[in-house]
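The values are calculated or read from the model by the stated rules, or taken from the named source; none is laboratory data. No experiment lies behind these values; they were computed from the predicted model shown. Reconstructed Cβ throughout: ideal geometry from the backbone, glycine too, with neighbour counts over all protein chains shown.
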Amino acid sequence: MPENVRSLNRAEPSSDLKPLVRKARLTDVGEMYRIINYYAESQRMLPKTELQLYENLRDYSIVTDASSTERVLACGALHIYWENLAEIRAIAVDPDLTRMRLGSVLVDSLLDEARGWRIERVFVFTYEPKFFGRFGFVQVEHRELPLKVYNECFHCPKFNTCDEIAMVLDL
């Protein structure tokens, strides 16, 4: 990982934080990259390159504070595969702001987005099954998901040794 992955914004969290979810912007990519790859360094999620973030930017939403909408507090994506299936991916919260329910706010928003698209099933590949279980996701065998969802797996560093847990939620 590049050295700048560790240089997260270390401002003190405010107890009066008012989370606001919005679609990601080009100017958010640097912070998204740092937050995601902070967790990837400790094997808690898969890494993302800046190129991957730019290529899929329209899938991403971020959490900001309503009083300061430029700072990325958390990020994640809803990637649509076809009319009835989508994936939530790359949920990451600034490590200084964990336990403030920002990840939950983001997942709720992404699930609302999926409902707005009339998606019937959302899945995740995760190392944090307890977190997603709180939303009703249930663990399934990888082979229960359609082969098309593995298209991006070919580029994954763990392609032949996947250890993520597959989970689904029927909306």
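For the range 47-71, a residue qualifies if it is modelled with pLDDT under 95 and touching a helix residue (DSSP H, G or I) at 6+ places or on another chain (Cβ under 6 Å), and the qualifying residues are P47, K48. Inspect the range 48-58 for any residue being in contact with a Lys or Arg (Cβ under 6 Å, 6 or more places away or on another chain) and surrounded by fewer than 19 Cβ atoms within 10 Å (Cβ to Cβ) and give the result as yes or no. Taking every residue of the range 48-58 in turn, none turns out to be in contact with a Lys or Arg (Cβ under 6 Å, 6 or more places away or on another chain) and surrounded by fewer than 19 Cβ atoms within 10 Å (Cβ to Cβ). You will find that of V107, V122, V138, the residue that is buried (at least 20 other Cβ atoms within 10 Å of the Cβ) and over 11 Å from L171 (Cα atoms) is V107 and no other. Selection of the range 61-76 for residues being free of Cβ contacts under 8 Å to residues at least 40 places away in the same chain and surrounded by fewer than 23 Cβ atoms within 10 Å (Cβ to Cβ) yields only S68. Considering every residue within the range 140-157, establish whether at least one is assigned to a strand (DSSP E or B) and at pLDDT 90 or above. Yes, some residue in the range 140-157 is assigned to a strand (DSSP E or B) and at pLDDT 90 or above.
Restricting the search to the range 34-50, which residues are part of a loop (DSSP other than H, G, I, E, B) and farther than 22 Å from V122 by Cβ? S42, Q43, P47, T49 - these are the residues of the range 34-50 that are part of a loop (DSSP other than H, G, I, E, B) and farther than 22 Å from V122 by Cβ. Applying a threshold of 7 Å to beta carbon distances and a minimum spacing of six or more residues, or different chains, the list of pairs starting in the range 78-99 at a residue that is at positive phi and buried (at least 18 other Cβ atoms within 10 Å of the Cβ) and ending at one that is of a type outside the set (S, T, Y) and modelled with pLDDT of 95 or more reads A90/I36; A90/C75; A90/G76; A90/A77. Among the residues of the range 79-92, those identified as over 9 Å from the mean Cα position of the chain (by Cα) and of a type outside the set (G, A, S) are H79, I80, Y81, W82, E83, N84, L85, E87.
Of all positions in the range 106-120, at least one carries a residue that is small (G, A, S) and within 12 Å of the chain's Cα centre (by Cα).
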